[in-house]
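The values are calculated or read from the model by the stated rules, or taken from the named source; none is laboratory data. Predicted, not measured: the structure shown is a model, and the values here were computed from it. Glycine also receives a Cβ, built like all others from the backbone with ideal geometry; neighbour counts cover every protein chain displayed.
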């Protein structure tokens, strides 16, 4: 009887929605000829983001979506519960540095939405508020910070409302006042660093701050700013235009830094590709009008990271080692073919990252589910495993130029993050007494089961799948299930504790994470099997994992919620266009759903190493296959879809997922809702808890409504 009531309720809600009229999305066809393949794009007009017509369309779509979502009951309860679970952790901590026997760190206090900067005197234990970003205006957020060697000045990277085009300000830590220097624009992920005399800063400058400019992430320059001088007089250390000998591409980022001993400047021409050109120059070159750079790494060397200590050049490489190895050669005369193997390739795990303290090099060895930490003495090359709890163990050095103190974190699917302090010269890791809060989470391991399985994909390759579900759950196919994946850039979807997903678990939802190809869970080969020509493996793996949930009765197609974020937009977009019958709901978040047009965007050329270029005939075949928008068919019964857009997003331009919502609204015959959820307080992401939780309370409520959850059914009145 209960199932009959739920089915009747679901039918009634779908019937109700069929009566709604979406804001009109005109179809103005533009035909493109891609090396003989003609594709019609009816929504090209939406790409004119400055057009009043387009602005009005997004606003109308947003208003319409909220008019629908606002009728779903218990949304506010989900939001409140997310806030409650977040506050169970007490205070939340971000980046941390150590200078002059003082910790500097970001912290979001229990009950607050944004992080602030604090310091703590390690002798007395006294904590001091250093900087509240909202003193510079509402929704100002701290993106990153550094502290000079004497702890007299702090450089802080600041953004607005989740945007990634940032300003760099310098705070006098004695007076707590900002200096006059304002350095901008800087992208959120770019590093910056004080010179050894603390009188200057090196940084990477963007060519424009206009988020709508096609030059947004192109032709960047590595710069030197002398504190107290006009930014217009900053010295160019590297750029495509001023240093043609670098052979830099217009889309490559000129990332710059110092070696720990300040003997060398290090320049990387970075991109989404990990194998980038790397150059060095003696520190003395900084005084010259032009830097004489020497290239030490080429992309063809298959080196993804380096660490320099004196004349020692440590390399993280997948050359003849898909799971990576660490080798050592001379900086003054590199010989990669005869480099000493310091850590050999491990067939059972992938070496995923390296970093250093004063006397040690640290590396991660993992399989996508467990990540262990190891150390190597830089001088003796002796190594050992660090005694951390089982799980995902991350680490960072907090003052690598002066000591071996590192901070580490341990987390699992059901275990919130715990911070540890560690020094190889002292002993085993200990829980940090300053960077942990007294949490009062329930014991999630008593409430839920975690199952790690491998399932057979379309080509018989075994794909890891993580499944989290309530203990004693009936395997009868009646449970809602939420499956997500990513599959790009060699990034592994490792275990992490999620406040948002823990609240979904409380609603009786099965959570599943598909570790699809394109990620790095099984090394560089796993990555390469989900890019360009092999990109279909990404969504076919996701489909296979989704089918497993149905076949094993964890859920059923009428209860299955699929999710993809950013590059995961390819995954979810193509999953529902290839198998619309498999999902009840699709959540497409800030997604790359129109890969054929990606290259026309400011961030598009950066994606070429991963997905290919429309200027290349062979690549174009694969881009056509990836393009979800052009795969939408008239009259097909698509799932309910909610498309999340951050209107301040510079990574995936809002019009791309916007076009996907428009084409689905105009073509789906299922009668299920297609909503464009445009957030004007958000970019690609945001650090504001309040914005995040309100957004996901709406999105999850929509999904739970569509899978028939009794608590989220709108009134029939």
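Being closer than 20 Å to residue 564 by Cβ, surrounded by fewer than 20 Cβ atoms within 10 Å (Cβ to Cβ) and at pLDDT 95 or above is a condition met by at least one residue of the range 657-668. Of all residues in the range 541-557, none satisfies being without any contact (Cβ under 8 Å) to a residue 60 or more places away in the chain and part of a loop (DSSP other than H, G, I, E, B). Checked against (1) at pLDDT 95 or above; (2) farther than 22 Å from residue 159 by Cα, residue 644 passes all but a single condition, namely (2).
Residue count for the range 338-357 under the criterion of being surrounded by 18 or more Cβ atoms within 10 Å (Cβ to Cβ) and in a loop (DSSP other than H, G, I, E, B): the result is 4. Residue 676 - would you say it is farther than 21 Å from residue 274 by Cα and more than 25 Å from the chain's Cα centre (by Cα)? So residue 676 fails the test.
Residue 685 fulfils the conditions (1) modelled with pLDDT under 95; (2) in contact with a strand residue (DSSP E or B) (Cβ under 6 Å, 6 or more places away or on another chain) except for a single criterion, (2). Among the candidates 177, 221, 153, the residue that is more than 30 Å from residue 263 (Cα to Cα) and at pLDDT 95 or above is uniquely 177. State yes or no: is residue 171 in contact (Cβ under 8 Å) with a residue 40 or more places away in the chain and closer than 28 Å to residue 96 by Cβ? Yes, satisfied. Looking across the range 219-240, the residues that are crowded, with 16+ Cβ neighbours inside 10 Å and part of a loop (DSSP other than H, G, I, E, B) come down to 219, 220, 227, 234, 240. Those strands (runs of 3 or more DSSP E) of the range 430-498 in which 3 or more residues are at pLDDT below 95 and under 19 Å from residue 90 (Cβ atoms) are absent. The set of residues from the range 303-337 being in contact (Cβ under 8 Å) with a residue 40 or more places away in the chain and assigned to a loop (DSSP other than H, G, I, E, B) comprises 310, 318, 322, 323, 324, 331.
Give the number of residues within the range 622-650 that are out of contact with any strand residue (DSSP E or B) (no Cβ under 8 Å at 6 or more places or on another chain) and more than 30 Å from residue 163 (Cα to Cα). Qualifying residue count, the range 622-650: 9. Can you find a residue that is assigned to a strand (DSSP E or B), crowded, with 20+ Cβ neighbours inside 10 Å, outside the structural domain of residue 691 (by TED's automatic domain parsing) and within 21 Å of the chain's Cα centre (by Cα) anywhere in the range 163-176? Yes, that holds for at least one residue.
Scan the range 241-253 for residues that are buried (at least 20 other Cβ atoms within 10 Å of the Cβ), farther than 15 Å from residue 286 by Cβ and out of contact with any helix residue (DSSP H, G or I) (no Cβ under 7 Å at 6 or more places or on another chain) and jot them down. Selection gives 248, 252, 253.
Scanning the range 90-139 for residues that are surrounded by 17 or more Cβ atoms within 10 Å (Cβ to Cβ) and in contact with a helix residue (DSSP H, G or I) (Cβ under 6 Å, 6 or more places away or on another chain) yields a single hit, 113.
The residues listed here are 410, 393; of these, the one that is without any contact (Cβ under 8 Å) to a residue 24 or more places away in the chain, closer than 17 Å to residue 96 by Cα and within 25 Å of the chain's Cα centre (by Cα) is 410.
For the range 28-55, filtering for residues that are surrounded by 12 or more Cβ atoms within 10 Å (Cβ to Cβ) and under 22 Å from residue 214 (Cβ atoms) leaves 15.
For the range 279-296, a residue qualifies if it is surrounded by 21 or more Cβ atoms within 10 Å (Cβ to Cβ), touching a helix residue (DSSP H, G or I) at 6+ places or on another chain (Cβ under 9 Å) and assigned to a strand (DSSP E or B), and exactly one does: 279. Here residue 116 passes the criteria (1) under 26 Å from the mean Cα position of the chain (by Cα); (2) under 30 Å from residue 673 (Cβ atoms); (3) free of Cβ contacts under 8 Å to residues at least 40 places away in the same chain except the one numbered (2).
When residue 211 is tested against (1) crowded, with 20+ Cβ neighbours inside 10 Å; (2) in contact with a strand residue (DSSP E or B) (Cβ under 9 Å, 6 or more places away or on another chain); (3) more than 30 Å from residue 149 (Cβ to Cβ), just one condition goes unmet, and that condition is (1). Can you spot a residue in the range 600-620 that is surrounded by fewer than 24 Cβ atoms within 10 Å (Cβ to Cβ), touching a helix residue (DSSP H, G or I) at 6+ places or on another chain (Cβ under 9 Å) and closer than 20 Å to residue 662 by Cα? Yes, the range 600-620 has at least one match.
Report whether or not residue 276 is assigned by TED's automatic domain parsing to the domain that holds residue 246 and either in a loop (DSSP other than H, G, I, E, B) or at pLDDT 95 or above (or both). Answer is yes for this residue. Across the range 441-463, the number of residues qualifying as touching a helix residue (DSSP H, G or I) at 6+ places or on another chain (Cβ under 9 Å) and under 25 Å from residue 523 (Cβ atoms) comes to 8.
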